[in-house]
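In what follows, a structure is listed as structure tokens, so that the remarks can point back to it.
The values are calculated or read from the model by the stated rules, or taken from the named source; none is laboratory data. Because the structure is a prediction, the values reported are computed rather than measured. Every residue, glycine among them, receives a Cβ derived from its backbone with ideal geometry; neighbour counts consider all protein chains shown. Only protein heavy atoms, including side chains, enter the accessible area calculation; ligands, DNA and RNA are left aside. Shrake-Rupley method; radii C 1.70, N 1.55, O 1.52, S 1.80 Å.
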Amino acid sequence: MLAILAVAAVVPVLAIAGTAGTHVMPSSWFHAAFAGAGGALTAIAAVALSVSAARQRDGRAVLLSLAFSVMATGLLIHAFATPGWLVGMNGLVQLAGALNLPAGGAILAASALPALRRPVRVGLLLRIQVAVVVVLATAGVIATLDSHLIPVLPSPRSLPAHLVFATGAAVLGVLAWRAGRTYLLTRRLADLLVCVGLVWLVGAEYGLLEYTMMDLAGWAAHTLEFAGLALVGIPAALDLRHGVASRPLVGDLRAAHLVEHEQAFLGARVRALMLRLAAKDPSTEGHTRRVATLAVEIGERLGLPESRLRLLALGGLLHDMGKLSVPDHILNKPGALTDEEFAQIRRHPICGRELLLELGGFPPLVLALVESHHERVDGGGYPNGAPALELELEVRVLTVADVFDALTADRVYRAAWPAERALALLEDGVGTAFDGACVAALRDLVAPVPEWQAGLAARRPAIERPGVPRPRPAG
């Protein structure tokens with residue numbers, strides 16, 4: 001995370017440091033046009049986000065559009081208050097430019113409020129957004145008429161300016177950290193761009209508070225401001241357009257959502273493989289989704305970092321891809337398998353690894369998850385008989401999730417086991433077949449709620465637990 005933020009900070013540091021000390025004499029109309037164009041583009045983005053938020057009924061997206069609306073209004077007030085254009089010397093131009101980014105950042109930070117995770121009255125939020133913009137615009141017009149009475153606050157390089165920067169940088173820094181963590185989980189370029197854009201906004205705020213329109217560094221700050229807003233707003237708008245809630249600013253993306261929206265977060269190749277598996281055997285495809293979801297939830301409980309959780313999600317979705325090479329009459333046989341048929345089944349981890357190697361581009365851990373998810377702690381598994389404790393923790397996590405889902409799913413040759421019976425079998429195999437920490441984390445996730453907690457649980461939002469799927473032969 002620190003490396004990502006440091007690299008993102010290179011451009012603003014070089015832009016401000018490289019232009020500091022150079023004075024310019026731009027005309028008033030040029031500054032007004034430059035700031036006004038930025039405000040107009042930001043306003044267009046705010047409208048687009050509002051429309052998308054209304055269609056998706058996403059309260060967080062409304063807050064995002066509100067933040068852009070506030071920043072657009074601030075930029076337009078900053079433009080109209082340009083000294084020598086419509087009004088004379090005044091402090092409004094400094095005030096609007098100084099508070100623009102901190103105010104917008106504070107609203108963006110509020111998108112993580114728990115209340116917005118539940119269904120909200122989006123129409124009410126949109127009306128509040130319109131009211132806020134109208135109030136700010138009205139106040140801006142009134143202030144512009146008497147702008148000569150407004151002192152220059154905070155004056156550049158003053159203590160108040162440093163305090164405003166510290167406050168705004170802290171808010172934007174938290175948002176950048178959230179976006180960076182999301183990028184480590186998804187590895188999407190869009191999420192990385194949001195993180196970079198927020199860091200650039202921190203640099204822009206510093207330049208706007210330290211320099212004036214007579215300093216080239218102040219113009220560099222304005223350029224960073226517009227570029228940063230574009231890097232933050234465009235990815236969010238594209239996410240909403242494709243029906244996926246924008247996550248980088250909120251920072252609450254869980255690894256399980258990677259499985260739920262694998263095309264958006266894990267890429268088209270994974271989606272194509274899942275479609276191939278679904279066409280051959282829908283029950284196996286459903287099994288892999290449940291296993292992937294359960295595995296990443298176990299991984300989260302064990303404290304795996306975001307980058308490893310992403311690979312675990314990938315491996316969970318792809319772990320049974322080798323069954324594409326298993327004949328249908330074996331895969332869906334209702335009775336006991338012959339030794340020859342079972343030998344073919346036992347080859348599916350190797351076949352899955354070979355398929356991914358042929359396609360190329362999959363990380364070593366994903367290949368290990370596909371090849372080794374049937375290995376056991378005592379070396380009694382297959383295909384290589386490798387002791388699982390010598391393999392990555394993610395492999396042991398996936399093994400536990402795979403066995404639990406297989407036991408609790410209906411098969412053509414037996415009914416699904418109750419969760420408690422499946423957990424008991426896994427616990428009996430701790431130390432010989434399964435990793436104890438993984439089994440304990442699984443029990444925490446799926447164990448029945450004690451009777452004394454039933455009343456409390458009834459008053460809380462429902463927690464998704466692995467249930468008994470429809471009767472299909474899962475692999």
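Quick rundown of the values:
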read-out	value
FRET E, pair PHE30, ARG271, Förster distance 35 Å, beta-carbon r, rounded to 0.05	0.10
Protein accessible area in the stretch 304-349, 1.4 Å probe - carbon and sulfur %	54 percent
Which labelled figure in (i) 24.3; (ii) 22.4; (iii) 25.2 is Kirkwood radius over Cα pairs in Å, once derived from the coordinates	(iii)
Neighbour-limited loop hits for chymotrypsin sites (Phe, Trp or Tyr not before Pro), the stretch 163-221 (at most 14 other Cβ within 10 Å; DSSP other than H, G, I, E, B)	none
Between the stretch 264-295 and the stretch 361-416, the alpha-carbon center distance in angstrom	16 Å
Of all accessible heavy-atom area on the stretch 63-184, the percent that carbon and sulfur account for (1.4 Å)	76 percent
With DNA, RNA and ligands ignored, accessible area of HIS23 (1.4 Å probe; Å², nearest 10)	140 Å²
Nearest-10 value in Å² for the accessible area of ARG301, using the 1.4 Å probe	130 Å²
Electrostatic dipole magnitude of the chain [Cβ: Lys, Arg +1; Asp, Glu -1; Cα centre; debye, to 20]	1140 debye
Full-extension gain in nm, GLU340 to ARG157, via 0.36 nm per residue minus C-alpha separation	57.9 nm
Pairwise FRET efficiency - ALA440 versus ALA279, Cβ, R0 = 56 Å, nearest 0.05	0.90
Solvent-accessible area per residue for the chain (1.4 angstrom probe, square angstrom)	45 Å²
Under 5 Å, built H, 5+ apart or other chain: amide partners of PHE434	VAL377
Neighbourhood charge, 10 Å Cβ-Cβ cut-off, centred on LEU324 and excluding it, Lys, Arg +1 and Asp, Glu -1	+1
